[in-house]
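Novice: Below you'll find the structure I mean.
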Amino acid sequence: MSMEHLGSFMRSGMAARTDLQTPEYGAIFRLLEEVQGEFLAHETEFRSPEYRWPRDPLHNWSRVWEYPYAYGHLRRYHEEWRGAEQPLVVDLGSGVTFFPFAVARLGYPVLCLDVDPVCETDLRRAVEIVPQGAGRVEVALMEDGRLPMANESTDAVYCISVLEHIPDFGKTIAEVARVLRPGLFILTVDIGMCGWLEIGAERYYAMRPALEHEFQMVYPEVMPHPQDFIMQNEPLAGWRGVLRLAKFRVRQDLRRLRGRTPYQHYPNLGVWGAVMERSG
């Protein structure tokens, strides 16, 4: 398969605006929009009122890049698969979204793992309703940070903006390495640009050695120009930008009144992604 199949996605590193301008990206995004549309059409049949995550994650700021990035690599992996049985894929920290159903339509059996019982309940309902194509979606709960799977029992794992929320991410990285056969680990994380939100510099420099101890990059890490980064809160223009900035300042005043240290800069995030395989 040619390198042009995924265009600029054939790399690891920070997400870039120019990634969203390729024909490959556009085709994948339109396909995912169709799957999410079908998923949301059934939403009232499976969604619990206490579920608190965005109902339309595909159009949430970072997911416009993260889902196509993961999907493109999973599609390529499936097209090149030569095993007798379909490869098993794990969605680590799945939440309740359309995405495992899109992956299942590639032909994969997909195991969704989460720590939230509400996610388990809603996904089990969705599995009975939402089409899965040639694949299938299954669900299991994680407990005490352990993946409920045997050693070397899955062929690929993807983890979309979850690892940065786990306090002991080293344990989770080791667990992924434990359950993964020679295959792919597709990871995206939010990178805090202000030093205090999601993964700041200290946690980032702790995460990288933990990853590199267990995995190696499949594709080289390429750094786009910083002005090309996909960022959460830009552009802050027009009345929406003024309103968001005013709300931020009010929250910082409230932090001062409560005796807490206010944040000095408006929060902003970038996105980092990687395609890895087990070392050794």
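The values are calculated or read from the model by the stated rules, or taken from the named source; none is laboratory data. In this text, all values refer to a predicted model and were calculated from it rather than measured experimentally. Glycine also receives a Cβ, built like all others from the backbone with ideal geometry; neighbour counts cover every protein chain displayed.
Novice: Suppose we filter the range 10-35 for residues that are in contact (Cβ under 8 Å) with a residue 60 or more places away in the chain, hydrophobic (A, V, I, L, M, F, W, C), crowded, with 16+ Cβ neighbours inside 10 Å and within 19 Å of residue 231 (Cβ to Cβ); how many remain?
Specialist: 3
Novice: Return the only residue of 51, 25, 71 being at pLDDT 95 or above and among the hydroxyl-bearing types (Ser, Thr, Tyr).
Specialist: 71
Novice: State the number of residues belonging to the range 129-161 that are within 25 Å of residue 278 (Cα to Cα) and part of a strand (DSSP E or B).
Specialist: 14
Novice: For the range 148-182, enumerate the residues that are surrounded by 21 or more Cβ atoms within 10 Å (Cβ to Cβ) and on the phi > 0 side of the Ramachandran plot.
Specialist: 161 - this is the single residue of the range 148-182 that is surrounded by 21 or more Cβ atoms within 10 Å (Cβ to Cβ) and on the phi > 0 side of the Ramachandran plot.
Novice: Considering only the range 173-280, give the strands (runs of 3 or more DSSP E) lying wholly within it that have at least 1 residues that are in contact with a Gly (Cβ under 7 Å, 6 or more places away or on another chain), within 25 Å of residue 59 (Cβ to Cβ) and at pLDDT below 90.
Specialist: Of the strands (runs of 3 or more DSSP E) lying wholly inside the range 173-280, those with at least 1 residues that are in contact with a Gly (Cβ under 7 Å, 6 or more places away or on another chain), within 25 Å of residue 59 (Cβ to Cβ) and at pLDDT below 90 span 180-192, 269-278.
Novice: Considering only the range 108-123, I want to know if a residue exists there that is surrounded by 24 or more Cβ atoms within 10 Å (Cβ to Cβ), at pLDDT 95 or above, assigned to a strand (DSSP E or B) and of a type in the set (Val, Ile, Thr).
Specialist: Scanning the range 108-123, I find at least one residue that is surrounded by 24 or more Cβ atoms within 10 Å (Cβ to Cβ), at pLDDT 95 or above, assigned to a strand (DSSP E or B) and of a type in the set (Val, Ile, Thr), so the answer is yes.
Novice: Considering only residues that are among the aliphatic types (A, V, I, L, M) and buried (at least 21 other Cβ atoms within 10 Å of the Cβ), which ones fall in the range 59-83?
Specialist: Result: 70, 74.
Novice: For residue 55, which of the numbered conditions (1) closer than 16 Å to residue 160 by Cα; (2) buried (at least 16 other Cβ atoms within 10 Å of the Cβ); (3) of a type in the set (Lys, Arg) fails to hold?
Specialist: So the condition that residue 55 fails would be (2).
Novice: Regarding residue 207, is this residue closer than 12 Å to residue 14 by Cα and in contact (Cβ under 8 Å) with a residue 40 or more places away in the chain?
Specialist: no
Novice: So in the range 42-52, with the set limited to residues that are touching a residue at least 60 places away in the same chain (Cβ under 8 Å) and not in a loop (DSSP other than H, G, I, E, B), which one is surrounded by the fewest Cβ atoms within 10 Å (Cβ to Cβ)?
Specialist: 45
Novice: In the range 86-104, what count of residues is obtained for those that are assigned to a loop (DSSP other than H, G, I, E, B) and either over 19 Å from residue 56 (Cβ atoms) or among the β-branched types (Val, Ile, Thr) (or both)?
Specialist: Here the count works out to 5.
Novice: Here are some conditions: (1) hydroxyl-bearing (Ser, Thr, Tyr); (2) more than 19 Å from the chain's Cα centre (by Cα); (3) closer than 22 Å to residue 215 by Cα. Residue 121 meets all but one. Which one does it not meet?
Specialist: Condition (3) is where residue 121 drops out.
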